[in-house]
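Below: one structure, written as structure tokens.
The values are calculated or read from the model by the stated rules, or taken from the named source; none is laboratory data. Keep in mind that what you see is a predicted model, and the values were worked out from it rather than measured. Glycine gets a Cβ as well: all are built from the backbone with ideal geometry, and neighbour counts include every protein chain shown. Only protein heavy atoms, including side chains, enter the accessible area calculation; ligands, DNA and RNA are left aside. Shrake-Rupley method; radii C 1.70, N 1.55, O 1.52, S 1.80 Å.
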Amino acid sequence: MNISTDIYSLFVLLLALFTIGATLLAAYSISNAWRLRNIRLSWKCGKFFGYPLFSTLFLTFSVLVGVYVAYAGLDQYKIILGSYSWMGMSWFLASYFSTKVYVTDHGIVKNVNDPSQTIAWHQIRDYVEKPTEKGSDYIFIYDGRGDFESRYKRFVRLELLVPDEKCSKFDKLVTLKIGKTMSPVPGASFDIKAFD
């Protein structure tokens, strides 16, 4: 029994399992995004120029190392770095689609993989809009109760940053779907964190 061979085999097995997991997560995220119908508006919400930060850095690093390995002729590492590149691409696609915001005819989808961040227009009871440097902050208060909780009110808050270039279209959609229940007062300021 050679310990270094066993550790290498365990490393390759873990790499294979993580690559398969990342592939399944990417397929799940892409299928959730493709199932959305009547998309009126969408935008990227990642931290790195609209893209997800860590998955973009991981993918870039793994591609750069893969290019170096191919250029240096280190053939024994091609399969492992190919797995890392595939895992990086899968992670990037999963996080890209899950951080993208979709506004449809039926509601707002902040994360396609998290149903608690998806609200239908008819669930919204009130909202507040506050202009910021990068766009407008919207806080939606919506009815989060399920069918089994019909006797108890449970209001949930969803915070959404709408970029400047999407603000006018988003405001028109909000006005069309739920109407203006709260009009912003010019020159007035409020603490947006007070709505916790």
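Yes/no per residue for (1) of a type in the set (Ser, Thr, Tyr); (2) in the same structural domain as residue 22 (by the TED database); (3) farther than 18 Å from residue 47 by Cβ; (4) assigned to a strand (DSSP E or B):
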{"site": "91", "(1), (2), (3), (4)": "no, yes, no, no"}
{"site": "94", "(1), (2), (3), (4)": "no, yes, no, no"}
{"site": "125", "(1), (2), (3), (4)": "no, no, yes, yes"}
{"site": "138", "(1), (2), (3), (4)": "yes, no, yes, yes"}
{"site": "169", "(1), (2), (3), (4)": "no, no, yes, no"}
{"site": "172", "(1), (2), (3), (4)": "no, no, yes, no"}
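How about region 132-143: which of its residues are touching a strand residue (DSSP E or B) at 6+ places or on another chain (Cβ under 8 Å) and either more than 26 Å from residue 94 (Cα to Cα) or open to solvent by less than 70 Å² (accessible area, probe 1.4 Å) (or both)? The answer is 132, 135, 136, 137, 138, 139, 140, 141, 142, 143.
Might you let me know whether region 113-127 holds any residue that is of a type in the set (A, V, I, L, M) and within 13 Å of residue 171 (Cα to Cα)? So far as region 113-127 goes, no, none of its residues is of a type in the set (A, V, I, L, M) and within 13 Å of residue 171 (Cα to Cα). Determine whether residue 57 is touching a Gly at 6+ places or on another chain (Cβ under 8 Å), more than 28 Å from residue 139 (Cα to Cα) and not assigned by the TED database to the domain that holds residue 124. Taking the combined requirement at face value, the residue does not satisfy it. Working only within region 154-170, note down all residues that are at pLDDT 90 or above and more than 21 Å from the chain's Cα centre (by Cα). If the condition is that a residue be at pLDDT 90 or above and more than 21 Å from the chain's Cα centre (by Cα), then 168 is the only one that fits. Pairs are defined by a Cβ separation below 8 Å, a sequence spacing of at least 6 or placement on different chains, a first member in region 1-17 that is assigned by the TED database to the domain that holds residue 82, and a second member that is of a type in the set (Ser, Thr, Tyr); the pairs so defined are 15/83; 15/84; 16/83. Every condition in (1) closer than 20 Å to residue 60 by Cβ; (2) in contact (Cβ under 8 Å) with a residue 60 or more places away in the chain holds for residue 162 except the one numbered (1).
Of all residues in region 38-86, those satisfying the criterion of being charged (D, E, K, R) and either open to solvent by less than 90 Å² (accessible area, probe 1.4 Å) or part of a helix (DSSP H, G or I) (or both) are 44, 75, 78. Residues that are under 17 Å from the mean Cα position of the chain (by Cα), closer than 20 Å to residue 85 by Cα and surrounded by 13 or more Cβ atoms within 10 Å (Cβ to Cβ) within region 8-37 comprise 22, 23, 25, 26, 27, 28, 29, 30, listed in sequence order. Summed over region 111-131, residues that are surrounded by fewer than 21 Cβ atoms within 10 Å (Cβ to Cβ) and within 16 Å of the chain's Cα centre (by Cα) total 7.
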